[in-house]
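S.K.: Could you have a look at this structure, given as structure tokens, before my questions?
The values are calculated or read from the model by the stated rules, or taken from the named source; none is laboratory data. As the structure is a prediction and not an experimental result, all values here were calculated from the model. Please note: Cβ atoms are built from the backbone with ideal geometry, for glycine as well, and neighbour counts cover all protein chains shown.
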Amino acid sequence: MDWLIHDYREDDLAAVVHLIDTTAELGQESVFSIAECIGALTTRQPTVVAVSGGVPIGAALACVTGERAWVMRVAIAPAWRGRGLASALLKELERRLVAARVRRIAYVLPEEELLGEGLHNAGYTRRPAAAYFEKTEPASGSVTGPLEELGGRLLPGDLWAKVAGMETEKDLIERRIVLPLAEPERAARHGVRPPRAITLFGPPGTGKTTFARAIASRLGWPFVELLPSRLADEGNLAAALRTAFARLAELERVLVFIDEVEEIAPVRDGRPGRHGVTNELLKLIPGFREGEERLLVCATNSVRSLDPAFLRPGRFDYLVPIGTPDAAARTAIWTRFTAQHDDVDVAALVAPATC
Ligand SMILES: Nc1ncnc2c1ncn2[C@@H]1O[C@H](COP(=O)(O)OP(=O)(O)OP(=O)(O)O)[C@@H](O)[C@H]1O
Ligand SMILES: [Mg+2]
């Protein structure tokens, strides 16, 4: 035999991670991400490492849940493929699993990477009826650091799908805003610059806040709402805005929402106090625009009450009208508000008024 197989030791970490990382590109993929593999290594899940001439050439790792174990990855250095090393590693791994009272060992592999006859020879049976399904949920729950201090959070992943009707707005926002931000490289290939700031305008209750939240949900970015009333509580609104934007700059990615932005940036009519706040926001926007993976969404019922300088080209990429809710949106809204009452004729409420 040209190799020695030993139990994973802490000083193998870098080499094993390197093996997993480099071989993933060669098709030795797995349904377990590299982060999950590192998690298993650091929590000392069963792992074996093959070494030749003092150099790690392969590794096999598993995670155990009760009587079942999942083979997470068998990674073989390219020069050592096709020489029986995968089978040897798997056999050693199995010995450790059986010693840990495992009764069933599962190995989920991409269709094209079935290790030839190796798995059959090693006693594994393919479950023909099994298909692997996976759903990615954005992380939720507690967040820490600047995001928590700003009152921000990750929203559920389905808010975009829950926006009913409004196909024109949805289509526009998807093509101009969501896709360029979600796929910046593709956008660059087509000469599209991802937006950094947009303003949604429309009458009250037409779904501006709903859309802002849905965009954050769709992108999987944290949502931070800057509430003028909350910022004003800190005394000096302009200074509070400056501090909030400084904290926002610390976040890797974020959607910042300012509702009723005309309260912060009203037409500068010479009244004391308001001037400074409008100026401050105008100064902060260019800095915010320099970051990638960030989007400022402002909403207003009244574009006319906004300071004209606020809407000058260069500050906002798009002014998006959010029209009155269409029939599908009205149905969703009425259905939500009448959920407790089954005697309500939602269709009659949704139908356009005839008088
Ligand atoms: N297209 C839609 N699909 C489902 N629900 C919707 C839709 N549009 C609006 N709603 C619901 O209607 C209510 C009002 O919407 P929202 O708060 O987003 O409006 P808004 O334009 O932000 O209002 P305001 O100007 O008063 O801030 C919310 O409960 C929202 O969930
Ligand atoms: Mg709103």
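S.K.: Could you check, for region 6-20, whether at least one of its residues is closer than 26 Å to Ala131 by Cα, without any contact (Cβ under 8 Å) to a residue 60 or more places away in the chain and either in contact with a Cys (Cβ under 9 Å, 6 or more places away or on another chain) or surrounded by 13 or more Cβ atoms within 10 Å (Cβ to Cβ) (or both)? If you could, list the steps in order and put the result at the bottom.
M.R.: Initially, region 6-20 is screened for residues closer than 26 Å to Ala131 by Cα, giving 20.
Narrowing the set further to residues that are without any contact (Cβ under 8 Å) to a residue 60 or more places away in the chain leaves 20.
Still in the running and either in contact with a Cys (Cβ under 9 Å, 6 or more places away or on another chain) or surrounded by 13 or more Cβ atoms within 10 Å (Cβ to Cβ) (or both): 20.
Yes, because at least one residue in region 6-20 is closer than 26 Å to Ala131 by Cα, without any contact (Cβ under 8 Å) to a residue 60 or more places away in the chain and either in contact with a Cys (Cβ under 9 Å, 6 or more places away or on another chain) or surrounded by 13 or more Cβ atoms within 10 Å (Cβ to Cβ) (or both).
S.K.: Any residue in region 322-339 that is within 21 Å of Ala212 (Cβ to Cβ) and among the charged types (D, E, K, R) sitting within a Cβ distance under 8 Å of a residue that is more than 16 Å from ligand 2 (Cβ to nearest atom) and in a loop (DSSP other than H, G, I, E, B)? List the pairs, counting only those 6 or more apart or interchain.
M.R.: Note: pairs meeting the criteria are Asp326/Gly165; Arg330/Gly165.
S.K.: Residues in region 170-217 that are among the small types (Gly, Ala, Ser), surrounded by 15 or more Cβ atoms within 10 Å (Cβ to Cβ) and away from ligand 1 (no atom under 16 Å from the Cβ): how many? Walk me through how you get there before you give the answer.
M.R.: Pass one, region 170-217, residues among the small types (Gly, Ala, Ser): 182, 187-188, 191, 197, 202, 205, 207, 212, 214, 216-217.
Cutting the leftovers down to surrounded by 15 or more Cβ atoms within 10 Å (Cβ to Cβ) gives us 182, 187, 197, 202, 207, 212, 214, 216-217.
Narrowing the set further to residues that are away from ligand 1 (no atom under 16 Å from the Cβ) leaves 182, 187, 197.
Result for region 170-217: 3.
S.K.: A follow-up question, please. Take the residues of region 170-210 that are among the small types (Gly, Ala, Ser) and over 18 Å from the mean Cα position of the chain (by Cα): which is nearest to Trp160 (Cα to Cα)?
M.R.: In the first step, residues of region 170-210 are kept if they are among the small types (Gly, Ala, Ser); the result is 182, 187-188, 191, 197, 202, 205, 207.
From what is left, the residues that are over 18 Å from the mean Cα position of the chain (by Cα) are 187-188, 191, 197, 202, 205, 207.
Details: Ala187: 21, Ala188: 24, Gly191: 26, Ala197: 19, Gly202: 19, Gly205: 17, Gly207: 12 Å.
Filtering first and then ranking leaves Gly207.
S.K.: Given the structure, is Glu262 touching a strand residue (DSSP E or B) at 6+ places or on another chain (Cβ under 9 Å), within 16 Å of ligand 1 (Cβ to nearest atom) and among the charged types (D, E, K, R)? Talk me through it step by step, then tell me what you get.
M.R.: Working: touching a strand residue (DSSP E or B) at 6+ places or on another chain (Cβ under 9 Å): yes; within 16 Å of ligand 1 (Cβ to nearest atom): yes; among the charged types (D, E, K, R): yes.
Considered against the rule, which asks whether it is touching a strand residue (DSSP E or B) at 6+ places or on another chain (Cβ under 9 Å), within 16 Å of ligand 1 (Cβ to nearest atom) and among the charged types (D, E, K, R), Glu262 comes out as yes.
S.K.: Can you find even one residue in region 319-330 that is of a type in the set (Lys, Arg) and assigned by TED's automatic domain parsing to the domain that holds Ala265? Steps first, please.
M.R.: First, the residues of region 319-330 that are of a type in the set (Lys, Arg): 330.
With assigned by TED's automatic domain parsing to the domain that holds Ala265 added as a condition, the list becomes none.
No, region 319-330 contains no residue that is of a type in the set (Lys, Arg) and assigned by TED's automatic domain parsing to the domain that holds Ala265.
S.K.: Output the qualifying pairs, or none if there are none: Cβ atoms under 7 angstrom, residues six or more apart or on different chains, first residue in region 297-313 and away from ligand 1 (no atom under 14 Å from the Cβ), second residue in a helix (DSSP H, G or I) and of a type in the set (Gly, Ala, Ser).
M.R.: Once the first residue is away from ligand 1 (no atom under 14 Å from the Cβ) and sits in region 297-313, no partner that is in a helix (DSSP H, G or I) and of a type in the set (Gly, Ala, Ser) comes close enough.
S.K.: What single numbered condition from (1) at pLDDT below 85; (2) closer than 22 Å to Glu67 by Cβ fails to hold for Glu36?
M.R.: (1)
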